[in-house]
Amino acid sequence: MLKKLILFVASLIFINTINAQVIDKVIGVVGKYSILYSDLQTLMIEQQKSGLGIDKCKAYETLVYQKLLLAQADRDSVVVNDQEVDQELSKRLNYFIQQFGSEEKLEQFYGKRTNVIKDEMRSDVQEQLVAQKMSSKITGDGKITPAEVRAFYKTIPVDSLPLINSEVELSQIVRKPQYSLEEKNATKDKLEGYRQRVISGESSIALLARLYSEDPGSAKEGGLIENVGKGQMVPEFEGVAFKLKEGEVSKVFETAYGYHFIQLVKRKGEVVDLRHILLMPKISNADFFKCKKELDTILTSINQGKYSFEIAVKKFSDDKDTKLNSGIMINQRTASTKFDNEDLSVMDQNLVPALNGMKVEDITPAMQYTMPDGKPAYRLVKLKNRIDPHKANLKDDYQKISSIAVAHQNKNAVKNWIKRRSAITYIKLDDEYKCQFENDWTINNN
């Protein structure tokens with residue numbers, strides 16, 4: 001239940017915080033926490049946007065549950081630190097910046113600077129993270145044994161077994177376009193010029209970052225990134241940042257994102273504040289064409305029998321996640337090797353039409369796509385297996401049944417917890433919002 005809440009609130013907090021135009025009132029109290037009319041309205045709007053249909057009672061119960069989690073978190077001393085909140089805020093803001101296309105468009109639309117939006121979101125995000133951590137204590141680690149999965153499967157009536165849509169198993173060979181040596185050197189030289197201006201005192205790194213940095217998350221703040229703890233950044237970045245003294249400027253260095261240099265602002269134990277400038281070498285049309293031609297050549301060699309697809313993966317693929325696994329693709333949503341059409345459309349909308357009409361062992365031509373890190377690449381995709389629609393069974397669909405069993409287990413844990421904790425927690429709900437809730441709540445409306 002809370003996982004659905006988290007998905008909603010990731011955008012709800014943003015919408016509700018910066019665009020609240022509803023005349024507010026308290027429509028419920030759980031412990032010391034109030035439920036606002038605006039919270040309910042926003043959640044119902046998001047239900048509609050998500051195509052779930054508006055359900056006032058379901059939305060209301062979701063909010064009551066969240067506040068009960070917060071009340072229990074107070075009793076159990078469940079907290080989140082500033083670093084966790086800052087990290088989550090940055091992640092969400094970066095997501096919304098991507099949705100709008102740029103930080104400038106986001107600020108223009110809402111008429112507020114990003115740092116103001118971030119400050120207004122902070123308390124709501126902190127509450128949500130606490131509720132999420134409290135929920136994890138209730139449901140546990142979500143692990144389930146094979147014996148428990150089999151026992152759960154036996155409880156499902158044959159007529160109620162889920163129908164599994166047609167699925168495919170795929171493998172891939174990925175090639176990333178590489179920028180030229182000339183472009184690489186030109187980018188490094190340009191960044192070194194900015195670095196020398198900082199070292200000489202001709203200009204501040206904050207001003208140069210605002211003018212030239214290509215990091216959308218920090219450029220408008222003068223390259224400032226605060227409360228950076230170990231494990232938050234890529235290793236190459238951290239390896240430089242945590243070796244600097246306060247005020248020291250690093251040399252130019254490379255990460256997967258491009259070229260940087262850093263100035264350390266402040267060290268607070270194992271956390272640092274820093275400024276940096278990022279420049280990214282540009283990939284030209286010629287670089288894209290060269291990458292595609294490489295894959296065309298690899299495909300020709302496979303078709304001529306020079307080596308198998310699996311050997312070609314090991315020799316040529318640039319995708320570290322599948323290179324050592326014969327190119328086998330993993331469905332991130334289900335953690336299995338099987339994809340239905342909906343999974344494929346979410347991952348790459350060009351895959352469904354490309355696979356239609358293909359036979360098992362066929363390979364697509366080189367296809368351009370966007371990697372999980374947002375970078376462009378080309379790939380060959382092999383159809384390893386096609387599975388016809390069928391009723392779920394343990395042999396073919398263990399992972400799906402296991403996920404259903406875990407969800408069922410978690411739902412029961414939450415239901416039992418709500419029944420126990422609501423009986424000893426002050427809960428008063430507005431008479432206007434009387435609902436037939438899914439769970440057993442003890443409500444004190446006296």
field: Selection status of Gln172, over 25 Å from Glu88 (Cα atoms) and either outside the structural domain of Asp319 (by TED's automatic domain parsing) or not charged (D, E, K, R) (or both)
entry: yes
query: Do you know which residues across the range 276-315 are under 30 Å from Gly222 (Cβ atoms) and not β-branched (Val, Ile, Thr)?
result: His276, Leu278, Leu279, Met280, Pro281, Lys282
- line: Scanning the range 201-239 for residues that are of a type in the set (A, V, I, L, M, F, W, C) and assigned to a helix (DSSP H, G or I) gives Ile205, Ala206, Leu207, Leu208, Ala209, Leu211, Ala219, Phe237
Scope the range 339-378; condition out of contact with any strand residue (DSSP E or B) (no Cβ under 8 Å at 6 or more places or on another chain) and among the polar types (S, T, N, Q); matching residues: Asn341, Ser345, Gln349, Asn356
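Counting only residues that are among the hydrophobic types (A, V, I, L, M, F, W, C) and more than 19 Å from Lys67 (Cβ to Cβ), which one in the range 402-428 is surrounded by the fewest Cβ atoms within 10 Å (Cβ to Cβ)?
Among residues in the range 402-428 that are among the hydrophobic types (A, V, I, L, M, F, W, C) and more than 19 Å from Lys67 (Cβ to Cβ), the one surrounded by the fewest Cβ atoms within 10 Å (Cβ to Cβ) is Ala407.
With the condition being touching a Ser or Thr at 6+ places or on another chain (Cβ under 6 Å), I'd like the helices (runs of 4 or more DSSP H) fully within the range 319-390 carrying at least 1 qualifying residues.
Details: elements: 320-323, 341-347, 351-355.
Because the criterion is at least 1 residues that are touching a Ser or Thr at 6+ places or on another chain (Cβ under 6 Å), the helices (runs of 4 or more DSSP H) in the range 319-390 that meet it are 320-323, 351-355.
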query: Quick check: is even one residue across the range 140-155 under 30 Å from Val64 (Cα atoms) and of a type in the set (Gly, Ala, Ser)?
result: yes
message: Among the residues in the range 189-196, are any more than 22 Å from the chain's Cα centre (by Cα), surrounded by 12 or more Cβ atoms within 10 Å (Cβ to Cβ), modelled with pLDDT of 95 or more and in a loop (DSSP other than H, G, I, E, B)?
response: no
query: How many residues, within the range 228-251, are in contact with a helix residue (DSSP H, G or I) (Cβ under 9 Å, 6 or more places away or on another chain), under 9 Å from Leu264 (Cβ atoms) and of a type outside the set (S, T, N, Q)?
result: 1
field: In the range 91-119, the residues that are part of a helix (DSSP H, G or I), surrounded by 15 or more Cβ atoms within 10 Å (Cβ to Cβ) and in contact (Cβ under 8 Å) with a residue 40 or more places away in the chain
entry: Arg92, Leu93, Phe96, Ile97, Glu103, Tyr110, Thr114, Ile117
task: Scan the range 248-291 for residues that are modelled with pLDDT of 95 or more and assigned to a loop (DSSP other than H, G, I, E, B) and report the count.
output: 4
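The values are calculated or read from the model by the stated rules, or taken from the named source; none is laboratory data. Small disclaimer: the values here were computed from a predicted structure and weren't measured. Cβ sites come from the backbone with ideal geometry, for glycine too, and all protein chains shown count toward neighbours.
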